[in-house]
Amino acid sequence: MAGPSHDPALYRHRDVVPIRRALVSVSDKTDLLSLAEALAGAGIEIVSTGSTAATIRDAGYPVTDVASVTGFPESLDGRVKTLHPNVHAGLLADLRLEDHERQLDELGIEPFELVVVNLYPFVETVRSGAQGDEVVEQIDIGGPAMVRASAKNYANVAIVVSPESYPAVIESIGTAGGTSLTQRKELAARAFAHTAAYDTAVSAWFAEGTLVEDGLPAHLTIKAERLATLRYGENAHQRAAIYTRVGGHGIAQATQLQGKEMSYNNYVDADAALRAAFDMVKPAVAIIKHANPCGIAVTAPNALDPIASAHLRAHECDPVSAYGGVIAANGTVTLKMAENLKDIFTEVIVAPDFEPAALEVFRAKKNLRLLQLPPDWRQERMDVRLVSGGLLLQDADRFPDDIESVAKDWQLVSGQRPADEDMTNLIFAWKACRAVKSNAIVLAKNSATVGIGMGQVNRVDSCRLAVERAGDRAAGSVAASDAFFPFADGPQVLIDAGVSAIVQPGGSVRDDEVIAAAQAAGVTMFFTGERHFFH
């Protein structure tokens with residue numbers, strides 16, 4: 001094998017490292033041929049592997065098979081291709097050091113100045129539902145080794161892990177013949193983030209089958225990549241950004257169809273709106289302000305446009321607070337819903353889809369942000385919250401799919417079991433209550449909220465707030481409380497307002513007093529045995 005063709009002085013004394021030899025091995029072949037054309041046009045030798053080499057060669061560009069560099073054929077169904085000193089010495093040689101130059105020369109190994117590698121599609125394979133060996137075969141070994149070696153040696157090697165970086169590298173080759181130190185360092189940072197995210201995904205997949213006895217992982221690694229820098233955080237003096245978690249399928253993966261840039265608070269409220277709307281099985285809409293619902297409703301019976309009906313009913317709960325709110329729908333936003341919103345100032349609407357005619361209506365509201373959920377959107381299994389010095393992990397607070405059956409086992413402690421319609425209202429109120437910040441009280445009629453009391457430091461104030469907001473609509477409504485009543489004063493506020501039935505967890509040392517107040521008023525009361533705090 002011929003000795004090195006590089007000029008060591010160029011490496012020791014120049015910021016720009018000329019590219020004479022590139023190693024290219026990619027799973028994602030997006031824009032590969034554009035890159036190959038630029039490299040070949042600049043007279044750069046391309047060394048490549050397997051299908052990548054075949055793709056480049058079939059397009060008519062010269063390429064050297066990695067086997068001719070290693071002197072060893074690809075083996076074990078491709079598991080061993082680049083794991084060889086002739087490759088890794090060329091990646092790791094620090095050409096600022098005369099001793100490294102001498103050793104390369106003695107070994108007859110040529111260095112690489114550019115490495116283009118992206119890894120096997122492990123995350124995509126897991127997401128497809130694959131299992132066992134099919135997933136294991138997508139655990140890349142040689143790829144991460146090359147990426148990490150090249151990134152470590154960024155003083156001499158440019159490492160590219162994404163087609164998004166091709167244009168900048170191609171431009172550098174065209175204008176400077178190589179890459180700058182600053183550029184190489186930035187690429188190295190992306191490379192290490194790329195392999196870290198990859199390893200996190202692999203670790204998480206293995207951990208799913210190796211949980212400790214309590215069902216929670218002994219080790220937790222969360223890897224996320226910055227999606228965008230936001231204008232500011234909760235307040236104008238706070239810096240902020242949004243990050244996407246590897247393997248995520250939530251609000252961070254939504255597609256913005258129109259409108260102003262999303263803010264920190266927009267994201268928080270949109271996620272809270274999803275939490276409320278998607279608890280419902282029927283077509284539902286939730287309107288959120290400052291992470292609390294202004295209104296939640298499902299469609300009216302026999303409505304011609306169920307999602308538009310749900311929105312109007314949710315809006316009627318508190319039209320004043322809905323001004324400037326964030327809306328989530330659990331179904332496609334229709335033309336009728338869009339027309340109903342024409343004169344209502346709204347910050348964000350998030351939904352699985354939008355009718356084309358609805359999008360036409362919304363175009364007149366240029367600042368309105370529209371978010372379309374990813375096709376694989378689903379509620380998270382676990383909740384994670386940062387605290388100083390660490391984080392908290394818990395099962396997500398979810399309702400069972402068969403909640404109607406579960407409700408049949410609620411303990412009736414006062415009054416008569418209501419008719420089916422009132423039971424439906426109680427179940428709706430109980431589910432809506434989960435989306436309200438504690439202490440939470442929800443009043444509902446016809447499967448729509450009519451009064452919400454949230455975020456108070458005592459439950460009686462939440463009751464008063466819910467009744468005040470409901471006004472005359474409190475009479476004949478049903479009520480839900482996210483936790484037990486510590487005294488009878490809270491239920492009494494609801495009873496005095498005309499509430500006909502109450503559902504609550506029970507469990508207070510004064511349950512007897514609370515039950516007695518309900519019995520004295522002839523009000524139905526259920527204990528669920530389960531609370532739904534939301535802090």
Considering each of Arg464, Arg459, Arg417, Arg398 in turn, give the residue that is farther than 18 Å from Ala297 by Cβ, outside the structural domain of Glu316 (by TED's automatic domain parsing) and crowded, with 24+ Cβ neighbours inside 10 Å.
Arg459
Is it the case, given these coordinates, that Val499 is buried (at least 20 other Cβ atoms within 10 Å of the Cβ), touching an Asp or Glu at 6+ places or on another chain (Cβ under 6 Å) and at pLDDT 95 or above?
no
Restricting segment 273-289 to residues that are in contact with a Lys or Arg (Cβ under 9 Å, 6 or more places away or on another chain) and of a type outside the set (A, V, I, L, M), the one surrounded by the most Cβ atoms within 10 Å (Cβ to Cβ) turns out to be Asp279
Please enumerate the residues belonging to segment 31-60 that are part of a loop (DSSP other than H, G, I, E, B), within 40 Å of the chain's Cα centre (by Cα) and without any contact (Cβ under 8 Å) to a residue 40 or more places away in the chain.
Thr49, Ala59
So which residues in segment 242-259 are touching a strand residue (DSSP E or B) at 6+ places or on another chain (Cβ under 6 Å) and within 24 Å of Val361 (Cα to Cα), if there are any at all?
Ala254, Thr255, Gln256, Leu257, Gln258, Gly259
I need a count of the residues in segment 350-396 that are acidic (Asp, Glu) and at pLDDT below 90.
4
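For segment 443-458, check the following and say yes or no: at least one residue is among the basic types (Lys, Arg), under 20 Å from Met280 (Cβ atoms) and touching an Asp or Glu at 6+ places or on another chain (Cβ under 8 Å).
Step one: filter segment 443-458 for residues among the basic types (Lys, Arg), giving 445.
Those still in the list that are under 20 Å from Met280 (Cβ atoms) too: 445.
Now drop any that are not touching an Asp or Glu at 6+ places or on another chain (Cβ under 8 Å), which leaves none.
The answer is no; no qualifying residue exists.
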Restricting attention to segment 381-390, and to residues there that are exposed (fewer than 11 other Cβ atoms within 10 Å of the Cβ) and assigned to a strand (DSSP E or B), which single residue is nearest to the chain's Cα centre (by Cα)?
Arg385
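When segment 225-271 is examined, which residues are found to be assigned to a helix (DSSP H, G or I), small (Gly, Ala, Ser) and touching a Phe, Trp or Tyr at 6+ places or on another chain (Cβ under 9 Å)? Explain how you work it out, then say what you get.
So in segment 225-271, the residues assigned to a helix (DSSP H, G or I) come out as 251-253, 264-271.
Subset that is small (Gly, Ala, Ser): 252, 270.
Hit for segment 225-271 is Ala252, nothing else.
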List the number of the failed condition for Pro18; all other conditions in (1) at pLDDT 75 or above; (2) crowded, with 21+ Cβ neighbours inside 10 Å; (3) touching a strand residue (DSSP E or B) at 6+ places or on another chain (Cβ under 8 Å) hold.
(2)
Residue count for segment 468-492, restricted to those that are surrounded by fewer than 24 Cβ atoms within 10 Å (Cβ to Cβ) and either part of a helix (DSSP H, G or I) or on the phi > 0 side of the Ramachandran plot (or both)
9
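Looking at segment 404-414 only, could you name the residues that are surrounded by 14 or more Cβ atoms within 10 Å (Cβ to Cβ) and farther than 9 Å from Thr528 by Cβ? Give the derivation first.
Step one: filter segment 404-414 for residues surrounded by 14 or more Cβ atoms within 10 Å (Cβ to Cβ), giving 406-407, 410, 413-414.
Correct list: Val413, Ser414.
Based on what the data block shows, is Ala297 of a type in the set (A, V, I, L, M, F, W, C), part of a helix (DSSP H, G or I), touching a residue at least 40 places away in the same chain (Cβ under 8 Å) and outside the structural domain of Ala440 (by TED's automatic domain parsing)? Spell out the reasoning first.
Values: of a type in the set (A, V, I, L, M, F, W, C): yes; part of a helix (DSSP H, G or I): no; touching a residue at least 40 places away in the same chain (Cβ under 8 Å): yes; outside the structural domain of Ala440 (by TED's automatic domain parsing): yes.
Spelling it out, it is not the case that Ala297 is of a type in the set (A, V, I, L, M, F, W, C), part of a helix (DSSP H, G or I), touching a residue at least 40 places away in the same chain (Cβ under 8 Å) and outside the structural domain of Ala440 (by TED's automatic domain parsing).
The values are calculated or read from the model by the stated rules, or taken from the named source; none is laboratory data. These numbers were taken from a predicted model, which means no experiment stands behind them. Cβ sites come from the backbone with ideal geometry, for glycine too, and all protein chains shown count toward neighbours.
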